[in-house]
Each structure stands twice: as C-alpha cells, then as structure tokens.
2 protein chains.
Amino acid sequence: MRVGLIGLGAMGEPMAHNLASTGLLYAVWNRTPEKAWVVAQELNVLQADSPSQLAEWCDVVITCVSADKDVLEVIWALIPGLGPGKIVVDTSTVSSATAITASKMLEDHGANFLDAPVSGGVEGAKNAMLAMMVGGDEDVLERARQVLEQVSARIVLMGPVGSGQGTKAVNQVMAAGINQAVTEALAFAHELNLPMDKVIDVISGGAAGNWFLEHRGPSMTHAQFNPGFKLELHHKDLTICKRMAEEKGLQLPLTEQTIKDYQVLMNEGFGQEDISALYRLKP
Amino acid sequence: MRVGLIGLGAMGEPMAHNLASTGLLYAVWNRTPEKAWVVAQELNVLQADSPSQLAEWCDVVITCVSADKDVLEVIWALIPGLGPGKIVVDTSTVSSATAITASKMLEDHGANFLDAPVSGGVEGAKNAMLAMMVGGDEDVLERARQVLEQVSARIVLMGPVGSGQGTKAVNQVMAAGINQAVTEALAFAHELNLPMDKVIDVISGGAAGNWFLEHRGPSMTHAQFNPGFKLELHHKDLTICKRMAEEKGLQLPLTEQTIKDYQVLMNEGFGQEDISALYRLKP
C-alpha cells in the first residue's frame with residue numbers, strides 16, 4: 001500500500017516520519033515546495049509536483065493542513081488523480097460541514113473520505129501516540145487502519161463523515177477549559193510561594209492530573225511558550241465551536257472567556273505562541 | 001514498625017486495608033467505634049479504646065478525618081500516648097494553619113508531624129496509587145516513607161509543615177476548574193448527539209486527556225453521581241482556597257464559579273453526591 005502525505009507542518013512532518021519509518025510513505029506534497037523537497041530527501045520518498053500526481057501514485061492520501069478553505073482546495077486539486085478504491089484521510093481540524101462537503105466531492109469520483117482529526121500535540125505526532133477521532137464508513141476505516149496505526153495510539157470511529165470533526169470540536173472546548181483550570185491553579189501556587197516543579201509533579205499523579213499540566217506546566221512556569229499548539233489556531237477553532245454551540249442554544253462560558261483572553265494575547269503579538277501563554281494573563 | 005490509623009472513612013478504610021496487607025497496620029480507632037470494630041475484625045488488627053492508647057501502641061499514627069476541628073481534636077487526644085520519636089502523619093485536607101498548629105502541639109511532647117494530604121480519589125486509595133503532598137522535615141519523612149509507600153504511588157516533599165496543605169489547596173482549585181472544563185465540553189458533545197462513551201474514550205487519549213474525564217466521565221454521562229469525592233467537602237475546601245487567594249489579592253474565577261454552582265446543588269439536596277454532579281447544571 002502506497003501512502004501520500006500533504007501538508008508538512010508541525011503535525012504533518014512528524015507523521016511523515018512515522019509513516020516513512022515503516023516503509024508506507026511513498027510521496028509528499030506541500031504548498032511550499034522547498035519544504036517538501038527537504039522532507040522527501042530526508043525520508044527518501046518522492047516529491048509530487050501536484051496533489052493530483054500524488055493521488056495518482058498513492059492508495060491512501062493523508063492531508064494535514066490548517067483551515068477549511070485549505071482542505072477544500074487540496075481536495076479539489078487531488079480529484080484528477082483519484083479513482084475508485086482510493087482513500088483520502090483528512091487529519092486537519094476543520095468544521096463538520098467542510099468534512100461533509102469534501103466527502104461529497106470525492107464520492108462522485110468513486111474515492112472514499114474519512115475525517116480524522118487528531119489530538120496529542122506535537123509530542124503525540126512525534127511519538128505516534130495521537131488520538132484519532134474518525135468520521136466515515138467502518139469498512140473504509142478498516143482498509144486504512146494499518147496506515148493510521150502508524151501515527152495514532154487510539155483510533156475511534158465516532159459515526160458518519162463529520163462526526164470526527166464534531167468530536168474534535170468537543171476536544172478543543174475541553175482543552176480551553178483545562179488551560180483556564182491549570183493556569184488559574186498554577187498562578188495560585190505561585191502566590192503561595194510553592195516550589196512549582198514539585199507542585200506540577202505531585203498534582204499530575206492525583207485526581208486533578210491532566211496531559212496539559214504534565215506537558216505544558218513545566219515550560220509555562222519557566223515563561224517558555226514555544227508551540228506546541230499555536231494560540232491563534234486554537235482561537236480560530238474555539239470561534240467555530242462557539243458558533244456551533246450557539247446554533248444549539250448552548251452557552252460555553254469557559255470557551256467564550258478563552259476566546260477573549262486569546263484575543264488580548266493576539267493583540268499583544270503572542271498569537272504564534274503555545275496556548276499555555278494564557279499563563280501570561282494570570283497575575 | 002507499628003502503624004495506627006485514625007479515621008476509617010471513604011479514604012481511610014482502603015488505606016487501612018493496604019497497610020494491613022503488608023503487615024504494618026497494628027491498630028485502628030474511629031469516632032464511631034462500631035466501624036472500627038468491623039474493620040479491626042476484618043483486618044485482624046487491634047481496636048484502640050482511645051487515640052492515646054493507639055499512640056502508646058504505635059510508632060507512626062496516620063490520621064484521616066474531614067475538618068480542621070477534627071484534626072486538632074484528634075491531635076489533642078493523641079498527646080498523652082505520644083513521646084519522642086513517634087510520628088503523626090495527617091492525610092486529611094485542612095488548612096496550612098491547622099497543620100502548623102498541630103505540629104507545634106506535638107513538638108512540645110517530642111513527637112514529629114507531617115501534613116500529608118493526598119489526591120487520587122477513592123480509586124487511588126484502594127489501589128495504593130495516591131499522590132501525597134508532604135510538608136515537614138526531610139528526615140521525618142524518610143523515617144515514615146516505608147509506611148507511606150504502602151498507600152501512595154508518588155510522595156513529594158513540598159517544604160516545611162503546612163506546605164503539603166498549601167499544595168493540596170492548589171490541587172483542589174485545579175480540580176474545580178477541570179470539573180468545569182469537562183462538564184462544559186461533555187454537555188457540548190451531548191448537544192452534538194455524539195456517542196458519549198466514545199467521546200470520553202478518544203479525548204482521554206489526547207492533549208485534553210485528564211483523570212477526571214477518564215474516571216468520572218462515564219458515570220456522569222449515565223447520570224450516576226455516587227461519591228467519589230463529596231461535593232460538599234470540595235465546597236468547603238474551595239471556600240478556604242478562595243479566602244487564601246483573597247489574602248494574596250488574587251482572584252480565582254473558576255473556583256468562585258464552582259463554589260456558587262455547588263451551593264445551588266447543595267440547596268437542591270445533592271451535597272452528598274460526587275463533585276461530577278456539577279453535570280446536573282449543564283443544560
């Protein structure tokens with residue numbers, strides 16, 4: 001089975017490494033071709049001239065881009081090279097509506113689609129420990145599973161196309177709340193003059209333990225905010241989540257607060273930092 | 001080494017089991033003697049007539065009670081049986097000031113004190129997987145460590161007496177925020193008609209993963225709120241945390257919101273339920 005990967009950003013590049021290490025990766029394409037050239041050389045795989053060439057060469061195409069518009073552009077560009085039996089797996093975080101549109105675009109050409117956004121941070125991408133939330137048909141997932149297992153530790157089929165993205169929206173809302181919870185508590189610890197590294201260590205082992213505390217607590221309390229997960233991307237996701245909730249008549253107070261806080265940080269020029277830069281606003 | 005345990009509640013009883021299983025537990029005492037009788041029979045240990053008798057018999061006395069007043073009463077009652085070299089380890093969640101007072105009361109009789117509150121829930125107590133936040137002298141901790149390792153997976157010395165309780169206060173603040181984060185996100189998932197068990201499973205594996213989601217998510221989404229950790233006890237702790245923060249001029253918005261929400265639930269008669277009953281308030 002030949003796998004192609006489109007989008008060699010913070011998440012896509014380590015996924016490419018993991019796919020290459022098992023010999024599954026056949027080719028890559030990236031909007032900035034120089035980046036694709038470097039990765040192709042490094043991993044000893046082909047660099048496609050276009051998404052459609054990649055689609056011609058490969059059985060499974062994984063896309064990993066940033067925004068709804070990018071996903072639809074890439075799908076459009078893939079189509080000339082696609083045909084029956086080929087599978088496109090989009091690991092980007094976009095709306096359920098975009099996933100459904102992408103799936104319909106491919107259906108007409110006999111190809112299959114899975115929306116398969118991931119969580120687990122850059123660490124999870126590097127260690128192939130991502131959690132993958134999949135929307136689509138079970139038999140399509142089964143055909144692609146061997147490939148997806150090279151990048152994910154947990155793959156869960158949530159329902160039809162779009163439900164992977166719905167689940168990712170829930171994940172982003174929870175991540176926002178946890179960011180608020182962890183930064184509030186660590187600011188309190190700081191005020192109490194407690195040894196911060198020890199606080200993070202011991203609390204991580206108990207009932208308030210969480211991934212974010214363990215992986216971002218040490219850096220944020222040392223005023224290091226390298227991404228990780230860029231604050232302005234989380235801001236974009238949360239704005240979509242807020243709208244989705246409003247359509248259902250539901251309020252998301254922590255998400256709304258986080259959107260406001262991130263906006264303050266973006267205005268101050270911190271949009272490219274990790275989401276843990278929220279700690280900057282905690283007195 | 002002989003160990004005595006005072007307070008056979010939701011956390012104390014499983015700790016007694018773990019200490020008995022390694023032969024370290026010598027005697028128990030409980031405010032309700034019938035409870036102590038049952039546990040003593042079951043574990044084949046002695047039932048002391050009074051805290052002071054337990055203190056006479058044992059080298060290390062572990063206390064596990066509910067409130068500041070209870071800790072000081074028990075310490076007072078222990079004193080006639082204590083002497084040089086004996087160690088009292090209080091695993092209750094109380095204020096740093098109470099810990100310091102308790103330590104001073106014991107100092108005059110040559111005994112040593114550690115404040116050693118724990119986190120990890122009833123599950124952690126049962127599986128001896130608690131995280132223990134210790135305040136006191138390093139050499140006292142080293143003398144008691146063998147005992148404490150029978151109930152804890154992670155033991156961290158935070159600083160002088162009182163700093164264990166300070167750290168526990170931070171833990172309780174973080175737990176409040178995480179409760180808000182998890183219940184807000186799961187209510188959103190419910191509105192999106194996602195399969196809740198799968199949502200909990202997959203999100204637990206990613207960057208929004210946390211102990212509370214994994215251990216309380218399944219029960220709360222099935223409207224089961226058996227404690228666990230009683231809501232009214234967390235309310236009590238958070239009220240103390242809020243006061244501590246105010247003394248430092250710090251605001252804890254999630255803690256303040258949680259105090260209000262718990263008060264609503266307590267007024268409705270849900271104070272004895274697990275803290276995850278916060279999900280009742282999420283539309």
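The values are calculated or read from the model by the stated rules, or taken from the named source; none is laboratory data. None of these values were measured; they are calculated from a predicted model. Note that each Cβ is placed from the backbone with ideal geometry, even for glycine, and that neighbours are counted across all protein chains shown. Heads up: the accessible areas ignore ligands, DNA and RNA and are worked out on the full protein's heavy atoms, side chains in. Shrake-Rupley method; radii C 1.70, N 1.55, O 1.52, S 1.80 Å.
A few comments on the model shown:
- GluC sites (Glu not before Pro) within region B:161-270, DSSP loop, no more than 16 other Cβ atoms inside 10 Å: B:Glu268
- Equivalent ellipsoid, region A:14-99 (semi-axes from 5 times Cα gyration tensor eigenvalues, Å): 20, 15, 13
- Average Cα contact separation per residue, region B:77-235, under 8 Å, 6 or more apart, as relative contact order %: 19
- Averaged over the residues of A:188-201, the number of partner chain Cβ atoms lying within 10 Å of the residue Cβ comes to 6.
- Sequence-distant contacts, meaning Cα pairs under 8 Å at least 6 residues apart, place the relative contact order of region B:217-283 at 50 percent.
- Partner lysines whose Cα lies under 18 Å from the Cα of A:Lys248, excluding those fewer than 8 positions away in the same chain, are identified as A:Lys168, B:Lys282.
- Region A:197-283 shape via C-alpha gyration tensor axes, a/c threshold 1.5: oblate
- Buried area at the B-A interface (accessible, heavy atoms, 1.4 Å probe, summed, Å²): 5000
- Relative contact order computed over chain B (Cα-Cα under 8 Å; 6+ residues apart), in percent: 13
- Toward the positive end of the charge dipole of the protein assembly as shown, with +1 on the Cβ of Lys and Arg and -1 on the Cβ of Asp and Glu, the farthest Cα among A:Ser92, A:Leu82, B:Trp37 is that of A:Ser92.
- Inter-copy label distances at A:Ala223 (7 Å, Cα→Cβ; nm, one decimal): 5.2
- Segment B:Met1..B:Gln224, full-extension length gain: 76.1 nm, with 0.36 nm per residue of separation and the alpha-carbon distance subtracted.
- Charged-residue dipole, Cβ positions (Lys, Arg, Asp, Glu), chain A about Cα centre, Debye nearest 20: 220
- Cα pair distances in region A:13-159, grouped into 5 Å bins until the bin that holds the longest one, percent each: 2, 10, 20, 24, 24, 15, 4, 0
- In degrees, nearest ten, helix B:33-43 long axis to first principal axis of chain B (Cα): 90
- Selected from A:Leu130, A:Leu192, A:Leu254 as most flexible by GNM, with chain A as the system and alpha-carbon contacts under 10 Å: A:Leu192
- Chain B: angle of helix B:211-221 to the longest principal axis, Cα-based, in degrees nearest 10: 60
- Fraction of antiparallel bridges per DSSP, the protein assembly as shown only, in percent to nearest 5: 15
- Value at 222 nm in deg cm²/dmol, rounded to 500, when DSSP H runs of n ≥ 4 in chain B each add -39,500 (n - 2.57): -16500 deg cm²/dmol
- Of the three principal axes defined by the Cα atoms of region B:142-275, the extents in descending order read 53, 34, 28 Å.
- Dmax and Rg, reported as Rg then Dmax, of chain B (C-alpha, Å): 19.5, 63
- Gaussian network model of chain B, springs between alpha carbon atoms under 10 Å - residue of B:Ala111, B:Ala181, B:Ala99 with greatest fluctuation: B:Ala181
- 0 to 90° range, to nearest 10: angle between helix B:68-78 axis and chain B longest Cα axis: 20
- The protein assembly as shown has equivalent-ellipsoid semi-axes of 51, 23, 21 Å, by the square roots of 5 times the alpha carbon gyration tensor eigenvalues, sorted largest first.
- Rotation relating A and B, chain B residue nearest the axis via C-beta, angstrom: B:Asn210, 2
- Accessible carbon and sulfur surface of chain A relative to its total accessible area, %, 1.4 Å: 50
- Note on chain A: with a GNM built from Cα contacts shorter than 10 Å, the maximum mean-square fluctuation among A:Met196, A:Met133, A:Met105 falls on A:Met196.
- With label points set 7 Å from Cα along Cα→Cβ, the inter-copy distances at B:Met266 are 4.0 nm, sorted shortest first.
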